[in-house]
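Accompanying notes for the structure given below.
The values are calculated or read from the model by the stated rules, or taken from the named source; none is laboratory data. These numbers were taken from a predicted model, which means no experiment stands behind them. Every residue, glycine among them, receives a Cβ derived from its backbone with ideal geometry; neighbour counts consider all protein chains shown.
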Amino acid sequence: MGAQGFTVTAYVVRRVATGESDLVLSLFTRERGRLDAYARAGRKSRRRFQAGLSPCLLYQGLLVPARRGSLWSLEEMTVARPAQLLVTRPARMVAGQYASELARELCPPEVPEPEVFSVFDAFLVRLDRPPAPTWRDWIRFERDLLSAAGVAPELGCCVACRRAPPGDGWGFSVAAGGLLCPACGRGQSMPVWDPAWNGIESDVSDVSDVSDVSDVSDMSDLLGAWIFTVLNKKLHARGLCRSVFAGPTGW
Ligand SMILES: [Zn+2]
């Protein structure tokens, strides 16, 4: 390959078929953030492109500058880490595809986002492990990813007066940027914050799970409203992902 080629550690976060057997891909790379690439014969060549350029798989790829246009040309991609459980369980793939969509939308093109990448990568590793992921895994992923991207809501204290910890009568205000205590939020109509959600995402060593699933799905909906505002668009995969987490366990 030419001197200008470079290798990336990457996930495929979008694939669009074009031509007879080509693909236009968005790659989320550890080295250079999100970038778009053209894969000639991407739907055909299993020798150059392993495992069908599947989403949710960690790859090692070789990129070179395209002869024309702004896309990179993807020369080859090999699977860097198999994910046997993840790729064979549709519900886990739903969660992985949503994670891919969120990471893709949060990252501007061609800007390295190593912290976002490592949060994303850790969630994909988790999705490949038994037992089935929980609400807490999902909430932790979203909050960590938003933090890494610098757009997390304040959930540790009152946004206005910094009082902590959140208690009864507190609410969540997208407009304010997070939680408001009863004094600061007086007169405002906003969704209630349940103090049972405090620290739900923190990296506690005990693995006891949040038992009240419906309460946590309410919290997840607050994050959903937040993400909608941050991105100014609806992520359709999020609704699908929510229904997977709300459904039967053991997936
Ligand atoms: Zn306050």
Subject >> Contacts under 9 angstrom Cβ, first residue in segment 108-126 being surrounded by fewer than 18 Cβ atoms within 10 Å (Cβ to Cβ) and modelled with pLDDT under 95, partner part of a helix (DSSP H, G or I) and not β-branched (Val, Ile, Thr), 6 or more apart >> reply: none
Original post:
When the residues of segment 113-147 are filtered to those that are over 11 Å from the mean Cα position of the chain (by Cα) and of a type in the set (Ser, Thr, Tyr), which remaining residue is farthest from residue 219 (Cα to Cα)?
Top reply: 147
Original post:
How many residues does segment 148-166 contain that are over 26 Å from the mean Cα position of the chain (by Cα) and more than 8 Å from the ligand (Cβ to nearest atom)?
Top reply: 3
Subject >> Inter-residue pairs, beta-carbon under 7 Å, first in contact (Cβ under 8 Å) with a residue 60 or more places away in the chain and within 11 Å of the ligand (Cβ to nearest atom) and in segment 177-196, second basic (Lys, Arg) and in a loop (DSSP other than H, G, I, E, B), 6+ apart >> reply: none
**OP:** Please tell me if residue 82 is touching a residue at least 60 places away in the same chain (Cβ under 8 Å) and more than 26 Å from residue 247 (Cβ to Cβ).
**Re:** no
Original post:
Counting only residues that are outside any strand (DSSP E or B) and touching a residue at least 12 places away in the same chain (Cβ under 8 Å), which one in segment 52-68 is farthest from residue 83 (Cα to Cα)?
Top reply: 66
**OP:** May I ask you to say which residue of 177, 187 is of a type outside the set (S, T, N, Q), exposed (fewer than 12 other Cβ atoms within 10 Å of the Cβ) and modelled with pLDDT of 90 or more?
**Re:** 187
Subject >> Condition check for residue 43: assigned to a loop (DSSP other than H, G, I, E, B), of a type outside the set (A, V, I, L, M) and on the phi < 0 side of the Ramachandran plot >> reply: yes
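Out of the residues in segment 167-176 that are assigned to a loop (DSSP other than H, G, I, E, B) and under 23 Å from residue 151 (Cβ atoms), state the one that is farthest from the ligand (Cβ to nearest atom).
At the first step, the residues of segment 167-176 found to be assigned to a loop (DSSP other than H, G, I, E, B) are 167-170, 174-176.
If we keep only those that are under 23 Å from residue 151 (Cβ atoms) as well, we get 170, 174-176.
Numbers: 170: 9, 174: 16, 175: 15, 176: 10 Å.
Residue satisfying both the conditions and the ranking: 174.
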